[in-house]
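Accompanying notes for the structure given below.
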Amino acid sequence: MAHFVLVLTLVTWSFSFLAAVRLRQDLGLTEALAARFVPVLVGAGAFLLLRRKIRVPREAWPKVIAMGLLSVPAYNVFFFHGMKTVPSGTGALIIALNPVFTAVLARVVLGEPFGKRHVAGLLLAMTGVFVVIRFGTDRSVDWPYLSSALLLALAPLSWAFYAVIGRTLPAGADPVDTSYALLFVGSLPLLAFARPSTARTLLASPGALGAALYLAIPCTLLAWVSFLWALKRLPAGEAASFIFLNPPLANLWAWLFEGAPLRPPFLLGAAILLAGVGLIVLRPSPRSNLAR
């Protein structure tokens, strides 16, 4: 059941790259953050207000606050900054570094295994990212593009910290209550960026408004809850491995809805990156273990 929930979650998230690119066409960085997370703040706050008792143990709150700040302000500053310049398909591949970062952190923090196969996967994944960024698009690799791609890579690193901390939550922390608590905590600082002019811009642009609402409701208020629910039932590295569904799905949507070309260097870099991720997150078969 947890694997099925993760697949539905990733299908939902795979559209977020197109939505983020669309939103950034009309809004600046801080405006885009407010457009996405003011509705999240209202929705999460309403949910918590209606709960008779929030099932989050007192000792879990420091971790909930840390997870909220990592997954909302930290992740989305890097995400929205990068998606202003980086194509949606390339952005999805950079975000696919999430399982790599998660596996490394899970080894350091949780003691999950990270052997020679994982090291080889890490090197392959980084090579694939280099090929995609350097040769995968027809854009010149100038400093604005390169800096955006590098900053975008900090988004999956932030999420990796979030995922690893989520694995250490006490058993009494309800996944739904915890998700809305961390979303409320994480969205609260972004209220400082809310401006009446942002609302006027969204109302004047149905495309941007639809993108903001899609990012706020299905991608955040619903999908983040389902991800944390699954995270409490699976190893951190295994749950994060489903992120590699993002690149092929996001590139499929970009091809269908934007007519984005799939250049041979991009496909080569994507294959190298996903092969590296596969080495890290896919478990060897029992037969291969017996052969050793």
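What to note about this one:
- Helices (runs of 4 or more DSSP H) wholly inside region 8-101 containing at least 1 residues that are within 30 Å of Leu267 (Cα to Cα) and out of contact with any strand residue (DSSP E or B) (no Cβ under 6 Å at 6 or more places or on another chain): 16-26, 29-50, 75-83, 88-95
- Out of Leu23, Leu33, Leu10, Leu29, one residue alone is in contact (Cβ under 8 Å) with a residue 40 or more places away in the chain, over 16 Å from Ile243 (Cβ atoms) and surrounded by fewer than 23 Cβ atoms within 10 Å (Cβ to Cβ). It is Leu29.
- Region 88-120, subset surrounded by fewer than 23 Cβ atoms within 10 Å (Cβ to Cβ) and of a type in the set (Gly, Ala, Ser), residue farthest from Leu231 (Cα to Cα): Ala120
Residue-wise test of (1) over 18 Å from Leu222 (Cα atoms); (2) in contact with a His (Cβ under 7 Å, 6 or more places away or on another chain); (3) exposed (fewer than 15 other Cβ atoms within 10 Å of the Cβ); (4) without any contact (Cβ under 8 Å) to a residue 60 or more places away in the chain.
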site: Gly45; (1), (2), (3), (4): no, no, no, no
site: Leu49; (1), (2), (3), (4): no, no, yes, yes
site: Arg58; (1), (2), (3), (4): yes, no, yes, yes
site: Lys63; (1), (2), (3), (4): yes, no, no, no
site: Gly68; (1), (2), (3), (4): no, no, no, no
site: Val72; (1), (2), (3), (4): no, no, no, no
site: Asn76; (1), (2), (3), (4): no, no, no, no
site: Lys84; (1), (2), (3), (4): yes, no, no, no
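- Enumerated helices (runs of 4 or more DSSP H) restricted to region 192-264, each holding at least 1 residues that are hydroxyl-bearing (Ser, Thr, Tyr) and under 18 Å from the mean Cα position of the chain (by Cα): 206-216, 223-231, 236-241
- Test for Lys84: is it at pLDDT 85 or above, on the phi < 0 side of the Ramachandran plot and basic (Lys, Arg): yes
- In the set Arg195, Arg200, only one residue is free of Cβ contacts under 8 Å to residues at least 40 places away in the same chain and more than 14 Å from Gly91 (Cα to Cα); that residue is Arg200.
- Taking region 254-263 as the range and being aromatic (Phe, Trp, Tyr) and buried (at least 19 other Cβ atoms within 10 Å of the Cβ) as the test, no residue passes.
- Residue selected from region 129-168 under the condition aliphatic (A, V, I, L, M) and part of a loop (DSSP other than H, G, I, E, B), by the criterion modelled with the highest pLDDT: Ala153
- Comparison of Ser158, Ser148 shows that the only residue that is out of contact with any strand residue (DSSP E or B) (no Cβ under 6 Å at 6 or more places or on another chain), farther than 30 Å from Arg58 by Cβ and not charged (D, E, K, R) is Ser148.
- The residues on offer are Val109, Val132, Val100, and the sole one that is aliphatic (A, V, I, L, M), in contact with a helix residue (DSSP H, G or I) (Cβ under 7 Å, 6 or more places away or on another chain) and under 28 Å from Glu258 (Cα atoms) is Val132.
The values are calculated or read from the model by the stated rules, or taken from the named source; none is laboratory data. This structure is a prediction, so every number in the text was calculated from the model and none was measured. Because the Cβ atoms are built from the backbone with ideal geometry, glycine has one as well, and the counts that use them run over all protein chains shown.
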